[in-house]
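Chemist: Mind having a look at this structure? Questions to follow.
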Amino acid sequence: MKQKKTIYLDNAATSEPKPKAVLKAVETALRKITASPGRSGYQMAHTADRFVYDCRKRAAAFFGLEDASRLIYTPGGTYSINVAINGFLKKGDHIISTGRQHNAVTRALDSFGINSTELAWNEDQPLTEKLFQKVMNKKTKAVIVNHASNVDGLLYPLKKIGRIAKKLKLALIVDAAQTAGLVKIDMKKMNIDMLCVTAHKGLLGPAGIGILALSKNCGLKPTISGGTGSVSEGTKMPADYPDRLEAGSMNLGGIAGLDAGIREIQKIGRMEILKAKTKLTEKTCRALSKIEKIKIYRPKKKENRIPLFLFNIEGIDPSELGDMLDRKYGIACRVGLHCAPSAHREIGTYPEGGVRFAPGYKTTITEINLFVKAITEIAEKKSKEKR
Amino acid sequence: MKQCIAAFKTTYETLNAEDCFRDAGIKFRPILKPRKIGSSCRMVLRFDESLLPLAKKVVAKSKLEFAGFYRQEGEIWIKIEND
């Protein structure tokens, strides 16, 4: 039976609900920090300068980035990935990628003429330097990793990849869209050179704001040009960070929301959020696996996954299933290819795709029970139809 | 007392410098960068000349992205070269 309130299980797309602290921070910033930072000397502008500076410092500390001036605010994770790829690589360069990559990476590589080879790895085999060497060539400049898949939740062993990349003198670019705020990320310890983050998923912030964090080893050419409030006499973008990569007026509301999201996670505890979502996911998986004709796609080992998974019911089109969940039960799940066709190819669900289960930090056991009940009813009904 | 200013390459570094100056007990006031020393719209830190030696130490120790010290001479600001 359809619930009055939607059961939202699409937190891998965007987190819902946003914490009250995030909503308040965005509103306060838009109401009270109304000057443009980095552009003027009056006190209002200076307050805005200080606000952005403090947010930047906190975000850098959260991701283990020593020099906060190398934390760049962007309009989102996809934007960060594009700036990293286009700013670091040149046409004809080669990189090592992962099969679970999102179109944010696939399309950027294609767009900028970067060649790539997917790392042939699955969780049943050790991740070794040899695997990387097999796909390297003279033009290989970097490794780009989707820290965790938005399709089946496969979590790549980033620390190990970081060690290998460093040894092979390759830069490490990380798409942390699904892990920022959920999995511990320490750029220094993990040897990450470019970390691409969005605010609106695990960080519980608003859409339209993201981070590109750069290690001290990596220099990027600016890909967007415009006013920075510094070196205004020149036609070139400034040499120094963050101005080098931050053209145009800043998204103060977004920055405030991102900052509040980080502080909320620190208040609740990142591990607590991870544990709660994992508990819900495990419970759901156990319940769904008892249903005949259901197929669940997720990594086998606990240490190799984040709390989300993909599933299908034999004989039901994923889109039809998603539609039934929405219309009949008021349950929101994303279906299809999740903007990651290569991930579905690896998993074996291309081109049909699947239905994704992605609970949030506020998802309740009651909601999970209703979800399981709905899937059970749909599967049983389908089974009876077949007979 | 003559005034000096410390200029930094970005707004981020200026704010970083504010923290460093504050920690070192340097009394300063952020002002808009005088037009005569550049066309940026950024802030610089103004302080009494007596604090210049300490300010130099702080800048050197903190490895700030530094653009220069200036001393006010009447209407103009003169860049201080390693004096």
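Chemist: If contacts are Cα pairs under 8 angstrom and at least 6 residues apart, what is the relative contact order of the range A:174-299 in percent?
Modeler: Numbers: 139 pairs, mean separation 28.1, N = 126.
Here the relative contact order equals 22 percent.
Chemist: Another question about this same structure. What is the range A:297-387 by shape, rounded, prolate or oblate, if you read a ≥ b ≥ c off the alpha carbon gyration tensor as root eigenvalues and call it rounded for a/c under 1.5, prolate for a/b larger than b/c, and oblate otherwise?
Modeler: Here the range A:297-387 falls in the oblate category.
Chemist: Using only helices, what value at 222 nm comes out for the protein assembly as shown when you add -39,500 (n - 2.57) per DSSP H run of length 4 or more and divide by the total residues, to the nearest 500 deg cm²/dmol? Before the final figure, lay out the partial values.
Modeler: Values: 13 runs with 173 residues, N = 470.
So the helix-based figure for the protein assembly as shown works out to -11500 deg cm²/dmol.
Chemist: Can you tell me how much longer the chain between A:LYS5 and A:THR47 gets when fully stretched, taken as 0.36 nm per residue apart minus their C-alpha distance, in nm with one decimal? Walk me through the intermediate numbers first.
Modeler: Details: separation 42, 0.36 × 42 = 15.12 nm, distance 4.04 nm.
Result for the pair: 11.1 nm of gain on full extension.
Chemist: Grab the eigenvalues of the alpha-carbon gyration tensor for the range A:1-87, scale each by 5, take roots, and send me the semi-axes largest first in whole angstrom.
Modeler: Output for the range A:1-87: semi-axes of 30, 21, 12 Å.
Chemist: Restricting attention to the alpha-carbon atoms of the range A:177-290, what are Rg (one decimal) and Dmax (integer), both in Å?
Modeler: 18.4, 68
Chemist: Let me ask you something else. Have a look at A:ASP240, A:ASP67, A:ASP326 and tell me which one the Gaussian network model of chain A (Cα, springs below 10 Å) gives the largest fluctuation.
Modeler: Result: A:ASP240 has the largest fluctuation of those listed.
Chemist: Rounded, prolate or oblate, given the Cα gyration tensor of chain A, with a/c below 1.5 counting as rounded?
Modeler: Oblate, because a/c is 1.5 or more while a/b does not exceed b/c.
Chemist: Given charges of +1 on the Cβ of Lys and Arg and -1 on the Cβ of Asp and Glu, with all other atoms neutral, how large is the dipole of chain B about its Cα centre, in debye to the nearest 20? Walk me through the numbers before you get to the answer.
Modeler: Details: 16 positive and 11 negative charges, 23 e Å.
That gives a dipole near 120 debye.
Chemist: Follow-up question, since we're still on this one. If you take the square roots of the eigenvalues of the alpha-carbon gyration tensor of the range A:196-258 and sort them as a ≥ b ≥ c, do you get rounded (a/c under 1.5), prolate (a/b over b/c) or oblate? Let's see the in-between values first.
Modeler: Numbers: a/c = 3.05, a/b = 1.62, b/c = 1.88.
Here the range A:196-258 falls in the oblate category.
Chemist: For chain B, take the convex hull of the Cα atoms, compute a quarter of its surface area, and give me that in nm², please.
Modeler: Working: hull surface 19.5 nm².
Directional mean of the projected Cα hull area for chain B stands at 4.9 nm².
Chemist: Comparing A:ILE81, A:ILE347, A:ILE224, which has the greatest mean-square fluctuation in the GNM of chain A with Cα pairs linked when under 10 Å apart?
Modeler: Among A:ILE81, A:ILE347, A:ILE224, the largest mean-square fluctuation in the Gaussian network model of chain A belongs to A:ILE224.
Chemist: Let me spell out the model: positive unit charges on the Cβ of Lys and Arg, negative unit charges on the Cβ of Asp and Glu, origin at the Cα centre of the protein assembly as shown. What dipole size does that give, in debye rounded to 20?
Modeler: 880
Chemist: In addition: Tell me, A:THR140, B:THR11 in order of fewest to most beta-carbon neighbours within 10 Å?
Modeler: Result, fewest neighbours first: A:THR140, B:THR11.
Chemist: Can you tell me what share of the DSSP beta bridges in chain A is antiparallel? A percent to the nearest 5 is fine.
Modeler: Numbers: 21 of 40 bridges.
Restricted to chain A, the bridges split so that about 50 percent are antiparallel.
Chemist: Cut-off 10 angstrom, C-alpha nodes, Gaussian network model of chain A. Which of A:ALA120, A:ALA199, A:ALA256 fluctuates the most?
Modeler: A:ALA120
Chemist: Would you calculate the separation in nanometres between label points at A:LEU23 and A:THR117, each defined as 7 Å from the Cα along the Cα-to-beta-carbon direction?
Modeler: Here the modelled spin labels are 5.2 nm apart.
Chemist: Which residues in the range A:189-205 have a backbone N closer than 11 Å to a point placed 7 Å from the Cα of A:LEU127 along the Cα-to-Cβ line?
Modeler: The answer is none.
Chemist: Would you mind ranking A:CYS285, A:CYS55 by Cβ crowding within 10 Å, fewest neighbours first?
Modeler: Fewest to most other Cβ atoms nearby, the residues stand as A:CYS285, A:CYS55.
Chemist: Here is a further query. In chain A, which helices (entire DSSP H runs) extend 20 Å or more along their own long axis, judged by Cα positions, while averaging at least -1.0 on the Kyte-Doolittle scale? Write down the numbers at each step before the final one.
Modeler: Numbers: long enough: A:43-62 (28 Å, -0.49); A:252-268 (24 Å, 0.51); A:270-289 (28 Å, -0.53); A:365-386 (32 Å, -0.31).
Counting only whole DSSP H runs, the qualifying helices are A:43-62, A:252-268, A:270-289, A:365-386.
Chemist: Output the relative contact order of chain A, whole-number percent, from Cα pairs under 8 angstrom with separation of 6+ residues.
Modeler: RCO, chain A: 24 percent.
Chemist: Continuing with this model, one more query. What is the local net charge at A:HIS338, summed over the other residues whose Cβ is closer than 11 Å to its Cβ (Lys, Arg +1; Asp, Glu -1)?
Modeler: +1
Chemist: Give the relative contact order (percent, whole number) for the range A:74-152; include only Cα pairs under 8 Å separated by 6+ residues.
Modeler: 39
Chemist: Where does each of A:TYR156, B:TYR12 land when they are ranked from fewest to most other beta-carbon atoms within 10 angstrom?
Modeler: Details: A:TYR156 21, B:TYR12 28.
Least to most surrounded, the residues fall as A:TYR156, B:TYR12.
Computed from the coordinates by the stated procedures, all read-outs in this text should not be read as laboratory data. Just so you know, these numbers come straight off a predicted model, no measurement behind them. Neighbour counts run over all protein chains shown; Cβ positions are idealised from the backbone, glycine included.
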